[in-house]
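Take a look at the structure below.
The values are calculated or read from the model by the stated rules, or taken from the named source; none is laboratory data. Nothing here was measured: the structure is a model prediction, and the numbers come from that model. Every residue, glycine among them, receives a Cβ derived from its backbone with ideal geometry; neighbour counts consider all protein chains shown.
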Amino acid sequence: MAKTIVEQVMAAHLVSGELTPGAEVALKIDHTLTQDATGTLAYLEFEAMGVERVRPEVAVSYVDHNLPQTDFRNADDHRFLRTVAAKYGLHFSPPGNGISHQVHLERFSAPGRTLLGSDSHTPTAGGAGMLAFGAGGLDVALALAGQPFYLVVPEILGVRLTGRFRPWVSAKDVILELLRRLTVKGGRGKILEFFGPALRHLSVPERAAITNMGAELGATTSIFPADAQTLKFLKMQGREQDFRPLTPLGRPRYAAVEEVDLGALTPLTAQPSSPDRVVPVKDLAGTPVEQVLIGSCANSSFRDLMIAARALQGRRVHPRVSLEINPGSRQVLENLILAGGLVLLLEAGARVMPPGCWGCIGMGQAPPTNAASVRTFPRNFPGRSGTKDDRVYLASPETAVAAAIFGALQDPRDLGDYPRVSGPRRVVANGSNIIPPPPPGEAARVEVIRGPNIVPFPQLTPLPETWRGEVWLKVGDNVTTDDILPAGSQILPLRSNLPAISQYAFTRLDPEFPQRVKGRGEGAVVGGENYGQGSSREHAALAPRYLGVRVKLVKSFARIHLANLINFGILPLTFENPGDYDLLSQGQTLKLPGVRQRLLDGAERLPLKLGDREIWVRVDLSTRQRRLLAVGGALNLAREG
């Protein structure tokens, strides 16, 4: 029987439901990962469940986002994460060891396994044949407690890759081309499965650069087969035993197929301020650049950094450009040193940071005012860099290093001969910096250390029988989680303190929002298409809930944010008639009569009263999700047993 890779892995992990697109299923989770910007809250949620030890076969707590310890808060959170890992049986990757996705790819990835991570770029592991999902921290906490992961079965979009890259074109250009074609909404409700003759030329790190940014398409996840390239990668990591072949069976049918000829691609860049505003680099040639950042979870492998180093050999960074390098892991940095790449970067004038996310989440590396910044990062949403009205371009390492040399956006092919880089003959695969969990008996004696900024998880109230409230905010299309709850060095240290971090909710869209709604009971937010795209951070659901947002009514939701809203008891509604969006305005009074019982009875349409007028809204949810909303959220349901 013909089967896609996705169908095979899902079938092997199916706990309940039917593998029919649009149906809800429950999947067994083999691996989990968290990072520090989302992990502290996830472990507070896990502790609230009263489970003594984590259940997945591999669970890892990474510290990679909030690395600057400018005061006690980040340091306290790192200590909390370390002691929680020891107490409950997780591996712990300390600050400076690397970005969660790069390190997990190196040390833990295993074809055919499932991975759930509290970071939207968890699908990076799909480059090694894992079915890897980004999710909110509460979904990960539930998986740590041994519960399955629920999702609506997506369609499977086949992406057939042919040909071979020409010089100065690389894997980043593949995903930029898909973003150019499909936009940031084009992957919603889909999993991307890659196949085709070009795969024999694509290494696992190159594949991972592509699956990483499938998140920017809105895709549920992305995956490559496990083949000779995968085996080669795992051998170099000293983990040959983790390999299992994973390829499509027969000639499976995909919902649709996109064809990408690697040989026809040219260097591309995403213009400010969306990953899908993609054009050929040559169309922007001459645009002055003052900052170039190479790294992040999308492009921080040995190959990516070595390309930059070789391109810089015998050259200098342009005088007006600040070139900064963010290695993906300590292993990448060690191998870069052994291959002579670090010296080349330093001699050319680059700054090299400890392995971590850094500027991608706005933790330092903010660009100057009114200056263009070229980054190999996955996102360029407005203000995400830490600079208001920023001008961030997304590009490959090749295009980025060309910008650093020329001091302007320039087709990297103008640099001349392409510095071919193959992987090192011998990889230093050192996982000794990852702290393994102690035996259960020893773990029981571990004390979890909490700093004063770590606040217990709040109680969330059930949904009332009839809901009344006002429209507190009306927004447009493609609102991101950064718009809802920003990141950055000022705000992320508050991630363990919900009362404090909630004071930043929606402030990018309405600086007075937290104060304006204080003490006003419950309200609603109205939005357009693709509401909640971007990061998996559940704070973007929980902080508005803490302030009293109970209803979100939009034209369509991004997947992870929708799940987070449900997990925290926020009722997610969509317009039955999208034109009714124009009827709502800030300050308008809304009423949902009998909403709780209608929800539990399985109603797919609800009447929404706007004063004397009535419109119909949709509630497309499973029976399980309806129960979550009725009781006030997933944690309340878990406590009920």
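Table for the structure above
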| item | result |
| --- | --- |
| Subset of region 196-218 that is assigned to a loop (DSSP other than H, G, I, E, B) and of a type outside the set (S, T, N, Q) - its residue that is modelled with the lowest pLDDT | GLY218 |
| One residue from ASN326, ASN370, ASN335 being over 13 Å from GLN291 (Cβ atoms) and of a type in the set (S, T, N, Q) | ASN335 |
| Elements of type strands (runs of 3 or more DSSP E) contained in region 86-136, each with 2 or more residues being aliphatic (A, V, I, L, M), at pLDDT 95 or above and crowded, with 24+ Cβ neighbours inside 10 Å | 114-117, 131-134 |
| Residue check, ARG559 buried (at least 17 other Cβ atoms within 10 Å of the Cβ) and at pLDDT below 95 | yes |
| Pair list, Cβ under 7 Å, 6 or more apart: region 488-503 residue touching a residue at least 24 places away in the same chain (Cβ under 8 Å), other residue part of a helix (DSSP H, G or I) and charged (D, E, K, R) | PRO493/ARG73; SER496/ASP77 |
| Hits in region 351-361 (condition: assigned to a loop (DSSP other than H, G, I, E, B) and surrounded by fewer than 24 Cβ atoms within 10 Å (Cβ to Cβ)) | MET353, PRO354 |
| Condition met for ARG537 (among the basic types (Lys, Arg) and over 17 Å from GLN586 (Cβ atoms)) | yes |
| Filter result for ASP411 (surrounded by fewer than 24 Cβ atoms within 10 Å (Cβ to Cβ), over 28 Å from SER100 (Cα atoms), in contact with a helix residue (DSSP H, G or I) (Cβ under 9 Å, 6 or more places away or on another chain) and not assigned by TED's automatic domain parsing to the domain that holds LEU178) | yes |
| Residue check, ASP76 surrounded by 24 or more Cβ atoms within 10 Å (Cβ to Cβ), of a type in the set (D, E, K, R) and either over 20 Å from the mean Cα position of the chain (by Cα) or within 26 Å of ASP482 (Cα to Cα) (or both) | no |
| Region 556-603, subset of a type in the set (D, E, K, R) and touching a residue at least 60 places away in the same chain (Cβ under 8 Å), residue farthest from ALA630 (Cα to Cα) | ARG559 |
| Complete set of residues in region 44-59 that are touching a Ser or Thr at 6+ places or on another chain (Cβ under 9 Å) and modelled with pLDDT of 95 or more | VAL54, PRO56, VAL58, ALA59 |
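Listed here are the residues, each with its yes/no results for (1) surrounded by fewer than 19 Cβ atoms within 10 Å (Cβ to Cβ); (2) at pLDDT 90 or above.
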{"position": "THR369", "(1), (2)": "yes, yes"}
{"position": "ARG375", "(1), (2)": "no, yes"}
{"position": "PRO424", "(1), (2)": "yes, no"}
{"position": "ASN430", "(1), (2)": "yes, no"}
